[in-house]
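J.: Mind looking over this structure? Questions follow.
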Amino acid sequence: MDYEVVSLKEKTVVGLMVNTTNEDNKAMMDIGMLWGQFLQEGVYDAIFDKINAKGIGLYTDYQGDFTKPYKFVACCEVSDAKRIASKMVVKKILQGNYAKFIIKGHMQRAVSEFWSNLWGLTLDRKYSTDFEEYQNDSDDMEKQEIHIYIGLNH
């Protein structure tokens, strides 16, 4: 899997959060359910001060490596997080170096396949914040471009 190392500034995001784990495919169910709420219950539209139209899937608050529990946030980057609706959370994507992967394909299948492959790589992961940024550049669900950023220790 090809990637480039990029340096990112801190980002503020607003969205819905769930506690989950990769054990027994729990994350697949939790994350799918959360995206459903985010998109179908008007949460995306209720977020003020969005920087762009890109959806973000944020993995954060890791309790160890990918085998341990963590939090997932379906969210958007915002310029200001002062006005948020109830049940929404504000989180930070930390400043630092990230391995940036660009994948294309069906949103769910391509992302799921990416994570399965990533777990086999030997990256010096930070396990602080990782995120998927959905470019929303196509109406065809089979031809989505997704940028995935994995936090690095160096």
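The values are calculated or read from the model by the stated rules, or taken from the named source; none is laboratory data. These numbers were taken from a predicted model, which means no experiment stands behind them. For neighbour counting, all protein chains shown are included, and Cβ atoms are generated from backbone atoms with ideal geometry for every residue, glycine included.
J.: Going through region 66-100 one residue at a time, which ones are over 15 Å from residue 131 (Cα atoms) and either among the basic types (Lys, Arg) or without any contact (Cβ under 8 Å) to a residue 24 or more places away in the chain (or both)?
T.: Correct list: 68, 82, 83, 86, 87.
J.: Can you tell me which residue in region 125-147 is nearest to residue 75 (Cα to Cα), limited to those that are modelled with pLDDT of 90 or more and either among the hydroxyl-bearing types (Ser, Thr, Tyr) or touching a Ser or Thr at 6+ places or on another chain (Cβ under 6 Å) (or both)?
T.: Ranking the qualifying residues of region 125-147, first place goes to 134.
J.: Also: How many of the residues making up region 116-150 are surrounded by fewer than 17 Cβ atoms within 10 Å (Cβ to Cβ), of a type in the set (A, V, I, L, M, F, W, C) and in a helix (DSSP H, G or I)?
T.: Residues flagged as surrounded by fewer than 17 Cβ atoms within 10 Å (Cβ to Cβ), of a type in the set (A, V, I, L, M, F, W, C) and in a helix (DSSP H, G or I) within region 116-150 amount to 1.
J.: Within region 15-65, can you find the residues that are touching a residue at least 24 places away in the same chain (Cβ under 8 Å), assigned to a loop (DSSP other than H, G, I, E, B) and out of contact with any Gly (no Cβ under 8 Å at 6 or more places or on another chain)?
T.: Residues satisfying the conditions are 21, 22, 48, 49, 51, 52, 53, 54, 62, 64, 65.
J.: Name the residues in region 66-80 that are assigned to a loop (DSSP other than H, G, I, E, B) and charged (D, E, K, R), would you?
T.: Those that are assigned to a loop (DSSP other than H, G, I, E, B) and charged (D, E, K, R): 68, 80.
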